[in-house]
Every structure is written in structure tokens, then in C-alpha cells.
Amino acid sequence: MKKKLVVLTGAGISAESGIKTFRDSDGLWEGHDVMEVATPEGWHKNQELVLDFYNKRRQQLKEVKPNLGHTILAELEKDFDVYIITQNVDDLHERAGSTNVLHLHGELLKVRSVQNKNLILDWTEDLNTGDFDINGHQLRPHIVWFGEEVPALEEAIDITETADYFAVIGTSLQVYPAAGLIAYAPSTTPVFYIDPKPIAIPNIRNKVETIAKFASEGVADLRARLNSF
């Protein structure tokens, strides 16, 4: 039976494909204050701005490709039972070939009804005011905005609790509740932390091996270390 590798990924792995993160030094996301484009308040204040912002992100996604980090994680399925829990809303893990991907913060290529959060549709083109669900309600990006609950969190916890190995790749470990997932890994589970600027992980009981590299190079190291067990 294959050992279970659970991987928590963040913006750092997608950044190598050219997708920007709002946690760059200027604190902006593609020139916007995140409170304007990634909160329920922003949506109610200026729906057109929010729709335009995500339309541009959706178009940008068509122009980028998975990088080596994504590809190696997909290839690891040959030897491990790999589950990817991602904070990213892009589909680069899936396009690289990963088959078990859980999106904590939603998906850019999906939309949902403002009245029924369970009415979710695939969506690859622009989303505009006047695009309605079957009941006549406006559709919105299927993104978990700041201040909203994370519906996939319980499933993510269940997956983490059964990990034989746990890896953290390209995330600042500052966005909760995602950052708290690491606490649910069994205490005997080795943790691999890949980030070019790693921080100290507070209150962790596991053995942590830090790989201070960017995602692609770090994931290559991870593969070598896992294969040495």
C-alpha cells in the first residue's frame, strides 16, 4: 500500500508560473487593495470592479502553464497516495496531472449563485452583471473571500489527520484557517517545509525538515528525500 503524502500549497508555487500574489511587498493584488476585490463588502460596494478583476485573472490563467513543481507533485502519484490541499484558485495542479486536489479558497474557473452557495457552475469566460443562475439570481466568482467560511476545511482536516508525510510548499503560513492545518498532522508524521524565506513554525510537535528553496527546486529535493525513506 502506498504511503499517503499530503501537500499544502500556496501562492509561491503558482508564482513561478507567472501568477502574482497580493502578498508581494506592496500589499496589493494586481494593483488592487484586496479589501476591494476579495471581500463580501467589496462585492456589495462595487460589483463591476470585482467582476472585472476576476475576469482578468481568469484570462491570465489561460496564458500560464504548470511549472516543474506542479509536474513533480503529479509524478509523485506513481509512488505515493498524494493529496494536494491548495490555497490557490488556479487549476495548475490539475493541468499538471494531479488527481486529488482540494481547493480551500475556491476555484477561478467556477462561479456560484449569490443565493445558493451549492449551485456551482464551470465557467471559463468573462462573468458579467446579468449572468444569472436558473432561478434568476446573479452569479459571483466561486472564491472564498476574506471574512467568509471555508467550506472545504473539514475535509482538509480529515485528509491531514491520515498523512504519513506532510509537505508545505510556497505558503507564508499566515492565512488562517489554512495555516492551522499543519497542527492536525499526526505527531509522528514528518513535515517538509519548502519556502525560499521560511519562518519558524510555532507550537509544532512534528519533526520539520526545512528546504529553503523556491517551489520547483524544493519539490525536486522533496522527491529525492521521500524516495530515500
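The values are calculated or read from the model by the stated rules, or taken from the named source; none is laboratory data. Not measured: the values here are computed from a predicted model. Note that we place each Cβ from the backbone using ideal geometry, even for glycine, and neighbour counts take in every protein chain shown. These area figures cover heavy atoms from the full protein model, side chains too; ligands, DNA and RNA do not enter into them. Shrake-Rupley method; radii C 1.70, N 1.55, O 1.52, S 1.80 Å.
Structure values in brief
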| item | result |
| --- | --- |
| Residue match in the range 154-162 (condition: touching a residue at least 24 places away in the same chain (Cβ under 8 Å), among the acidic types (Asp, Glu) and either out of contact with any His (no Cβ under 9 Å at 6 or more places or on another chain) or part of a strand (DSSP E or B) (or both)) | yes |
| Given (1) farther than 22 Å from Arg223 by Cα; (2) over 13 Å from the mean Cα position of the chain (by Cα), index of the condition Ala163 fails | (1) |
| Within the range 56-71, tally of residues that are assigned to a loop (DSSP other than H, G, I, E, B) and basic (Lys, Arg) | 2 |
| Matching entry among Val114, Val89 (being open to solvent by 30 Å² or more (accessible area, probe 1.4 Å), among the hydrophobic types (A, V, I, L, M, F, W, C), touching an Asp or Glu at 6+ places or on another chain (Cβ under 9 Å) and under 18 Å from Ala15 (Cα atoms)) | Val89 |
| Residue in the range 44-54 that is in contact with a Gly (Cβ under 8 Å, 6 or more places away or on another chain) and modelled with pLDDT of 95 or more present | yes |
| Criterion violated by Lys65 - all others in (1) open to solvent by less than 70 Å² (accessible area, probe 1.4 Å); (2) closer than 19 Å to Asn88 by Cβ; (3) modelled with pLDDT of 95 or more satisfied | (1) |
| Residue match in the range 211-225 (condition: open to solvent by 20 Å² or more (accessible area, probe 1.4 Å), β-branched (Val, Ile, Thr) and touching a strand residue (DSSP E or B) at 6+ places or on another chain (Cβ under 9 Å)) | no |
| Strands (runs of 3 or more DSSP E) lying entirely in the range 72-148 (those with 3 or more residues that are of a type outside the set (A, V, I, L, M, F, W, C) and touching a strand residue (DSSP E or B) at 6+ places or on another chain (Cβ under 9 Å)) | 81-86, 106-113, 139-143 |
| Pairs, first within 22 Å of His44 (Cβ to Cβ) and free of Cβ contacts under 8 Å to residues at least 40 places away in the same chain in the range 103-123, second open to solvent by less than 60 Å² (accessible area, probe 1.4 Å) and among the hydroxyl-bearing types (Ser, Thr, Tyr), C-beta under 7 Å, six or more apart | Leu119/Ser113 |
| Count of the range 125-134 residues which are exposed (fewer than 12 other Cβ atoms within 10 Å of the Cβ) and within 20 Å of Asp52 (Cβ to Cβ) | 3 |
| Matching residues, the range 163-200, being part of a loop (DSSP other than H, G, I, E, B), closer than 25 Å to Gly106 by Cα and either of a type in the set (Phe, Trp, Tyr) or modelled with pLDDT under 85 (or both) | Ser172, Leu173, Gln174, Val175, Tyr176, Pro177 |
| Identity of the residue in the range 186-210, basic (Lys, Arg) and surrounded by fewer than 12 Cβ atoms within 10 Å (Cβ to Cβ), that ends up farthest from the chain's Cα centre (by Cα) | Lys207 |
| Only one of Gln138, Gln60 that is at pLDDT 95 or above and surrounded by 13 or more Cβ atoms within 10 Å (Cβ to Cβ) | Gln138 |
